[in-house]
Structure formats: C-alpha cells, structure tokens
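The values are calculated or read from the model by the stated rules, or taken from the named source; none is laboratory data. Owing to the predicted nature of the structure, the values given are computational and were not obtained by experimental measurement. All Cβ positions, even for glycine, are placed from backbone atoms using ideal geometry, and neighbour counts span all protein chains on display. Heads up: the accessible areas ignore ligands, DNA and RNA and are worked out on the full protein's heavy atoms, side chains in. Shrake-Rupley method; radii C 1.70, N 1.55, O 1.52, S 1.80 Å.
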Amino acid sequence: MNIFSSKIKKLSLMLIALLLTTASINAYATEWLPYNGNLGSEACIIYNLDTDELVYEKNSQQHRYMASVTKLMTALIISENYNLNGTIKSKKDYKIDIKKYNGAMVLTDNKGKLMPIKKNEVFQARNLFDVMLLYSANDAALLFADTVAGSQTKFVAKMNAKAKSLGMNATRFTNPHGLSSAGDEINQYTTAADVAILAKAAYKNRDIMRSVSLNQVLLKSNYRTRTFSSTNKLKSLRSGVLGLKTGYTDLAGNCFVSIVRIETDDYLMVSLGSKTRSGMFNDHVALYKWIEVTLDGPKNTAPDYSNVAPMELPLTATEEEIKTSPVVIISTPETPAEPTTDPSQPDQNY
C-alpha cells in the first residue's frame, strides 16, 4: 500500500511538473489580457498567420453583422473574375441615399461634395478597386458587382458560393457593400471566426494586400481627379500594420480586421460590434501590445496598459481639412461636407 501510494505521489508530481512546463512555454498568457479581457468589441478573434495558431477569441462563434468588412469578399470576387489592369465603365448613375444610409461613403469631388459614379464614367479598374477598399466607396462596390456578374443578385450569388467554398458556414451575404437596405443587413451576417477565414483568404490575395497597404489613392476618371485616404487609422497608432478593412453601420457597430507584423510573424485580428471607433482601434492597439509583451512567455508581473491612451477624434475640422479629407461625413449633394461633432462616433459606413 505504501509503495502504491508512493507511485501515485510520483505520478502526481510528474503531472504537475508537466503542466507547469506547458504553462511556462505558452506564448500568450491570457490572465494578463488588457482591460482584464473586458474589450470594447462584442466579438474578437486573433490568429498567428504564420503558424495558424489561435491566439485569442471572445464570442467568435456569435452571429454578428459585418458592415463594410463585407467588401473583403467583394474584393476577392472582383480579383478572381476581373482584369484589374484594364478599365471599368459605368452604364448608369449610382445614386445612394446618403440620409437613408446614415452618411454612407460614396465618391466625392475635390471640394468634399458628393459625386457618386455617373453614367459613362470610366476608371482604371485597379484605382477604383483601391478606393473601394481604402475609402470604402459603396458606389464603387455596386459598379464592380454589376460589371463582374451582370447584376448585383448574380454577384451576391458568387459571394455566397465563395463563402461556402472557404468554409464560412455561419455567413450569409445579401449585398456587395454592407449597407442595410430593406432588411438586407439583418439577413447579412457572419461570425468573427468566419471573418477570420475570409481575412486569411484576403491575406493570400496580392491584389487585396497591395491595395490595403496604401495610405492614399489618386483616382482619375473622365470626370474627376481626386485623392482618397485610408480609413485604417491603426497605421498611425503603431508600426507593422499591413491592412485590412474597417466597417460601421448602426446595426453592426464598429468592425475592424487588421493584420500586423510582429517580429517575424504576421497576426490577424478581427473585432466586431464595438460601440465607438476609438474603442475599436484601442482594442487592436492593446491586444497587439499584449502579444508583443507575452511572446517570450509569462512574466512575473502583468504588463501595464494604462499608457494605451484612448484615441482622440477631432471635435472640429478646419475649412482646408473639410476640403481635403475624404473621410468626413457628407450631408447632402447640394451642401459642403459637415464634420462630425461627436468624438465617439465614427465616419459612417467606412
């Protein structure tokens, strides 16, 4: 009996030692998550893209809305079915009801006034593709959908077929832009885990990664020449940002997919449903900092995230900024753009 007890004791000690060893080599110590894991985003998932290792998740299987993150799938379909080295011509005006869609992003002129895509307007396809991803131009997504598939309905069918082939089994698309329209957004849903699958496919697509690496795009057509800037403000908050896509609607909240290079590995983070734009970016800043701190294994003390200050959005804008900034909320086609006065609210459907 004593010999048996002794063996049990030794086995128990070996098991404890094994568990301690496993803990010591765990690169991501979850007990030291920023904000104690109380992130502003309702759902989140992080992957190491080089090892395909799941780093962190929060409600990643929960059904959520995706807003303009939708355009990652739109971009995949375009890249696989259209020659971006050619041109693209509009056969009609693309009018989007800005008030109905709460300030939806469409193309503007150099004075910040609305200038949605017009009939017979011709673009370099790659330029318009860049603007669709960087500036989140909804009219550009619609033009591509009609051109690539013949109609938006047929294009959406391609989106859903692609989602199925990728294994995005909890996702459904109803439009190519992510705006809500006649119940579209309610029926267009996904999960953070599915968006991660989509983002991994985008990461392997050279057209998409080239576009999202840009900070600005000079768009030329037979009607306009205009510079559009990226909505991805994470690029100004940390180094190593490779992309990807922001999104916002009232129903979806603030959504963001980012890819950041840390040391030699690329990391993917998806966050859905943040209440504020600043909170969304702060989650990404803090979580990537957490990864950097914990890469070498658990530390004796928890990292201090108190210095990750909330991102301040401007309360006002100068006249020159209003003229030159393409990410200002636009009111009506007849009046100049008005800057938002609430720092907690994002640029609508960006």
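Given the residues 268, 287, 295, 272, which is the only one that is out of contact with any Ser or Thr (no Cβ under 8 Å at 6 or more places or on another chain), aliphatic (A, V, I, L, M) and either within 21 Å of residue 236 (Cβ to Cβ) or modelled with pLDDT of 95 or more (or both)?
Unique residue meeting the criteria: 287.
Residues that are touching a residue at least 60 places away in the same chain (Cβ under 8 Å) and small (Gly, Ala, Ser): find the helices (runs of 4 or more DSSP H) completely inside the range 145-215 holding 1 or more of those.
152-166, 192-203, 206-212
When residue 79 is evaluated against the numbered criteria (1) over 23 Å from residue 225 (Cα atoms); (2) modelled with pLDDT under 95; (3) out of contact with any strand residue (DSSP E or B) (no Cβ under 9 Å at 6 or more places or on another chain), which criterion, by number, is the only one it fails?
(2)
Kindly establish whether residue 243 is more than 24 Å from residue 95 (Cα to Cα), under 20 Å from the mean Cα position of the chain (by Cα) and open to solvent by 20 Å² or more (accessible area, probe 1.4 Å).
no
Conditions: (1) open to solvent by 20 Å² or more (accessible area, probe 1.4 Å); (2) farther than 22 Å from residue 127 by Cβ; (3) of a type outside the set (A, V, I, L, M, F, W, C). Residue 225 meets all but one. Number of the miss?
So residue 225 meets the others, but not (2).
Only one of 204, 154, 200, 118 is over 19 Å from the mean Cα position of the chain (by Cα) and modelled with pLDDT of 95 or more; which?
So the residue among 204, 154, 200, 118 that is over 19 Å from the mean Cα position of the chain (by Cα) and modelled with pLDDT of 95 or more is 154.
Take the residues in the range 70-86 that are among the hydroxyl-bearing types (Ser, Thr, Tyr) and part of a helix (DSSP H, G or I); name whichever of them is farthest from residue 167 (Cα to Cα).
Filtering the range 70-86 for residues that are among the hydroxyl-bearing types (Ser, Thr, Tyr) and part of a helix (DSSP H, G or I), the one farthest from residue 167 (Cα to Cα) comes out as 79.
Starting from the range 246-265, keep only residues that are within 25 Å of residue 49 (Cα to Cα), then list their pairs with residues that are part of a strand (DSSP E or B) and among the aromatic types (Phe, Trp, Tyr) whose Cβ atoms are within a distance under 6 Å, requiring at least 6 positions of separation or different chains.
Cβ pairs passing all conditions: 246/256; 254/248; 260/267.
Quickly run through the range 258-281 and pick out the residues that are out of contact with any strand residue (DSSP E or B) (no Cβ under 8 Å at 6 or more places or on another chain) and either crowded, with 24+ Cβ neighbours inside 10 Å or part of a strand (DSSP E or B) (or both).
Answer for the range 258-281, where residues must be out of contact with any strand residue (DSSP E or B) (no Cβ under 8 Å at 6 or more places or on another chain) and either crowded, with 24+ Cβ neighbours inside 10 Å or part of a strand (DSSP E or B) (or both): just 262.
Can you tell me which residue within the range 129-144, out of those that are at pLDDT below 95, part of a helix (DSSP H, G or I) and not aliphatic (A, V, I, L, M), is farthest from residue 256 (Cα to Cα)?
Step by step, filter the range 129-144, then rank; the result is 139.
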